[in-house]
Amino acid sequence: MIDRRKFIKTVSALGISLPFVKSNIKAASNPNIKNNPIILCSRGEKWGKKVLKPGWDILKKNGLLLDAIEKSANVTELDPKDTSVGYGGLPNEDGVVQLDAQIMNGPDHNCGSVACLEGIKTPCSVARLVMERTDHIHLVGKGAQDFAKMHGFKVENLLTESTRKIWVKWKENLSDKDDYFPPVDGNYDQDRSTGTINVLGLNPNGDMAGITTTSGLAWKIPGRIGDSPIIGAGLYVDNEVGAVGATGRGEEMIRSCGSFLGVEYMRNGMTAQEACEAVCKRIIDINGGSSKVDFNDKIVALSKNGDVGCASIRERKGDEPTVATWSKKGFKAIKGTYLIEI
Ligand code: GLY
């Protein structure tokens with residue numbers, strides 16, 4: 001792992017592009033593809049197990065891939081303890097929780113997405129309905145909420161007492177020139193969250209699909225959409241090659257078409273791990289080198305033959321880039337790599 005990181009840094013310093021290996025992954029000729037289902041999420045040990053368990057149970061039982069990834073993603077969406085996804089996600093600057101999500105199905109390249117969706121706890125389930133029940137791909141704001149209501153979703157307050165208090169503290173701490181007194185219980189020092197979760201899956205037939213779901217950047221300007229609902233930015237799936245998802249600073253994933261790029265890297269012969277690192281490197285290059293990069297993105301990948309990758313742009317003390325998987329071999333949390341040391 002360390003060697004690979006050093007390799008990337010050296011290559012970067014020399015200004016050399018990462019090599020393209022010309023051999024395409026030939027899905028049909030790989031004997032591992034069939035009957036080796038796997039489900040992956042962009043989390044570590046703690047969240048990974050509870051997120052992947054319901055998805056793996058479905059995959060194991062009947063191989064229904066979209067049901068599996070949806071049920072797994074719903075775990076974080078419904079859990080108020082996760083402040084970066086769904087119910088209990090940190091709100092925008094007005095204190096309103098606005099959710100983004102997308103789903104992509106490998107076999108037919110179909111996809112659906114919702115953005116700035118308010119009041120619905122499970123945006124990825126609404127994105128799935130956009131994919132399956134409409135001729136559109138993106139629905140945003142009120143239109144997305146009306147569509148969800150039409151399908152029986154309940155509109156609820158997604159701000160919990162805990163996230164409301166964090167938001168008030170952030171607001172009171174913003175400036176000493178406004179009329180709010182500073183927070184009574186000390187300064188606000190929480191990271192500006194871009195948490196998010198990616199769930200990627202490969203079923204026993206060798207078909208692939210993925211979901212990305214988030215409450216987006218905490219304190220964002222109302223109406224801001226990140227990479228999570230943008231096809232090719234926060235997620236991309238190609239049934240012949242693999243799936244890639246991203247978390248972290250969404251604007252950079254959009255500027256680089258990062259998830260699509262990762263899939264194309266795999267199409268050109270990179271492993272899932274090499275593809276994740278190459279996407280991070282591309283983002284660093286776009287920004288003019290590592291000294292200019294003060295944000296983070298984490299990329300996860302699953303190739304058509306079940307090969308897994310995970311890399312982030314920067315090191316984060318106490319929070320190494322990790323990906324979790326559940327397959328016939330059981331649950332595994334795997335440490336990835338990072339390109340820039342702090
Ligand atoms: N990656 C999540 C966001 O930027 O909204």
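Suppose we keep only residues that are open to solvent by 10 Å² or more (accessible area, probe 1.4 Å) and hydrophobic (A, V, I, L, M, F, W, C) within the range 228-239. Which one would you say is farthest from the ligand (Cβ to nearest atom)?
Per the criteria, the residue is Ile231.
Checking Val140 against (1) among the β-branched types (Val, Ile, Thr); (2) open to solvent by less than 10 Å² (accessible area, probe 1.4 Å); (3) over 25 Å from Lys53 (Cβ atoms), which single condition isn't satisfied?
(2)
Could you check Gly269 against (1) outside any helix (DSSP H, G or I); (2) more than 13 Å from the ligand (Cβ to nearest atom); (3) touching a strand residue (DSSP E or B) at 6+ places or on another chain (Cβ under 9 Å); (4) not aliphatic (A, V, I, L, M) and say which number it fails?
Failed condition: (3).
Of all residues in the range 143-170, which are open to solvent by 60 Å² or more (accessible area, probe 1.4 Å) and basic (Lys, Arg)?
Lys149, Lys154, Arg164, Lys165 - these are the residues of the range 143-170 that are open to solvent by 60 Å² or more (accessible area, probe 1.4 Å) and basic (Lys, Arg).
Those residues that are surrounded by 21 or more Cβ atoms within 10 Å (Cβ to Cβ) and either of a type in the set (A, V, I, L, M) or within 9 Å of the ligand (Cβ to nearest atom) (or both), I need them from the range 249-260; list them, please.
Within the range 249-260, Arg249, Gly250, Glu252, Met253 meet the criteria.
Sort out which residues of the range 92-106 are in a loop (DSSP other than H, G, I, E, B) and out of contact with any Leu (no Cβ under 6 Å at 6 or more places or on another chain), and write them in order of number.
Across the range 92-106, the qualifying residues are Asn92, Glu93, Asp94, Gly95, Val96, Gln98, Gly106.
What are the pairs with Cβ atoms under 9 angstrom where one residue, in the range 98-114, is within 16 Å of the ligand (Cβ to nearest atom) and the other, located anywhere, is open to solvent by less than 10 Å² (accessible area, probe 1.4 Å) and basic (Lys, Arg)? Sequence gap at least six, or different chains.
Every condition considered, the pairs that remain are Gln98/Lys220.
List pairs: first residue in the range 210-223 and farther than 21 Å from Lys165 by Cβ and away from the ligand (no atom under 13 Å from the Cβ), second residue open to solvent by 10 Å² or more (accessible area, probe 1.4 Å) and not polar (S, T, N, Q) anywhere in the structure, Cβ distance under 6 angstrom, at least six positions apart or on different chains.
Note: no pairs meet the criteria.
Ala246 is checked against (1) under 11 Å from Ala233 (Cα atoms); (2) open to solvent by 10 Å² or more (accessible area, probe 1.4 Å) and fails just one. What number does that condition carry?
Single failed check for Ala246: (2).
Out of Ile221, Ile197, Ile211, Ile225, report the one residue that is open to solvent by 40 Å² or more (accessible area, probe 1.4 Å) and either among the basic types (Lys, Arg) or closer than 23 Å to Cys280 by Cα (or both).
When all the criteria are applied, what remains is Ile225.
Out of curiosity, is Ala301 assigned to a loop (DSSP other than H, G, I, E, B), of a type in the set (Gly, Ala, Ser) and either more than 15 Å from the ligand (Cβ to nearest atom) or out of contact with any Lys or Arg (no Cβ under 6 Å at 6 or more places or on another chain) (or both)?
Answer is no for this residue.
Taking Gly223 and the conditions (1) modelled with pLDDT of 95 or more; (2) on the phi < 0 side of the Ramachandran plot, which numbered condition does it fall short on, given that it satisfies the others?
(2)
Do we have any residue at all in the range 95-111 that's modelled with pLDDT under 95 and either polar (S, T, N, Q) or over 23 Å from the mean Cα position of the chain (by Cα) (or both)?
Within the range 95-111 (the criterion being modelled with pLDDT under 95 and either polar (S, T, N, Q) or over 23 Å from the mean Cα position of the chain (by Cα) (or both)), the answer is no, since none of the residues qualifies.
Checking the structure you have, find out if any residue of the range 180-193 is among the aromatic types (Phe, Trp, Tyr) and within 16 Å of the ligand (Cβ to nearest atom).
No; the residues of the range 180-193 include none that is among the aromatic types (Phe, Trp, Tyr) and within 16 Å of the ligand (Cβ to nearest atom).
Could you list, in sequence order, the residues of the range 210-244 that are assigned to a loop (DSSP other than H, G, I, E, B) and among the aliphatic types (A, V, I, L, M)?
Within the range 210-244, Leu217, Ala218, Ile221, Ile225, Ile230, Ala233, Val241 meet the criteria.
The values are calculated or read from the model by the stated rules, or taken from the named source; none is laboratory data. These numbers were taken from a predicted model, which means no experiment stands behind them. Note that we place each Cβ from the backbone using ideal geometry, even for glycine, and neighbour counts take in every protein chain shown. Heavy atoms of the whole protein, side chains included, go into the accessibility calculation; ligands, DNA and RNA do not. Shrake-Rupley method; radii C 1.70, N 1.55, O 1.52, S 1.80 Å.
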